[in-house]
Amino acid sequence: MTAAGADVILAAFTEQQPLPLDELRAALAEDWDWLVFSSAKAVPALVEALAGRPLTAQLAAVGPATAEALSEAGLTPALVAQPANGAALVTAFPAGPGRILIPGAADHSLEPSAGLVAKGWDVHNVAVYRTISLPLPESVVSRWQAGTIDAFIVTAGSVARAAVQSAGLPGPRVVALGPSAARVATDLGLTVAATATRPLAAALADAVLAALS
């Protein structure tokens, strides 16, 4: 985007805090057909909770980045959903019955759980981290409120929530990384001008340029 002449402002909107793993350890003692990972952030929690014990459940990853994180931890996903969103995972997943464990965020998205339940699976979510909002730098807040930011890239719903919490509405036009982020931004009162067709840097850059044109 800088190559296209854009002035890019970088700011941390959120951070992830690990949660105690007692619930995950207890869950891993049960029998599961699948473990589903919608984010690479949950992979270290699984590795720590397993503590070297074998894993019999099949693994599914939402997107190549999460699949790569599993592979780097010595775990091979049997299913990788693309594009990297919950709807794509549900589409790629076989029909139930069976049991699915999803380690992830405390404020996890309704997808893919709702879609997997609709396909006949018994789904259990366990929180292994939580996302907290960070206060934005005053320089960013002032530009946001003055209307001098042309586009706001929303990589996750939590980023949109943090921005509105810190800087308020109406806010700049939103370019969302995917449909879930776009939906949250819209629900918060932000205006979504474009959504990336795939969760890739090139697709995101194309969406930003389309929103600004």
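The values are calculated or read from the model by the stated rules, or taken from the named source; none is laboratory data. As the structure is a computational prediction, the values presented were derived from the model and not from experiment. Positions of Cβ are generated from backbone atoms using ideal geometry, with glycine treated the same way; all protein chains shown enter the neighbour counts. Note: areas computed on protein heavy atoms with side chains; ligands, DNA, RNA excluded. Shrake-Rupley method; radii C 1.70, N 1.55, O 1.52, S 1.80 Å.
Within the range 158-200, the residues that satisfy the criterion of being part of a helix (DSSP H, G or I), open to solvent by less than 30 Å² (accessible area, probe 1.4 Å) and more than 16 Å from Pro135 (Cα to Cα) are Ala181, Ala182, Ala185. The residue pairs whose first member lies in the range 189-206 and is of a type in the set (Val, Ile, Thr), whose second member is in a strand (DSSP E or B) and at pLDDT below 85, and whose beta carbons are closer than 7 Å, counting only pairs six or more residues apart or on different chains, do not exist in this structure.
Restricted to the range 35-150, the set of strands (runs of 3 or more DSSP E) holding at least 3 residues that are surrounded by fewer than 18 Cβ atoms within 10 Å (Cβ to Cβ) comprises 122-133. When the residues of the range 20-34 are filtered to those that are out of contact with any helix residue (DSSP H, G or I) (no Cβ under 8 Å at 6 or more places or on another chain) and open to solvent by 30 Å² or more (accessible area, probe 1.4 Å), the one that is nearest to Ala84 (Cα to Cα) is Asp33.
Among the residues here, Leu70 qualifies as over 15 Å from His108 (Cβ atoms) and in contact with a helix residue (DSSP H, G or I) (Cβ under 7 Å, 6 or more places away or on another chain).
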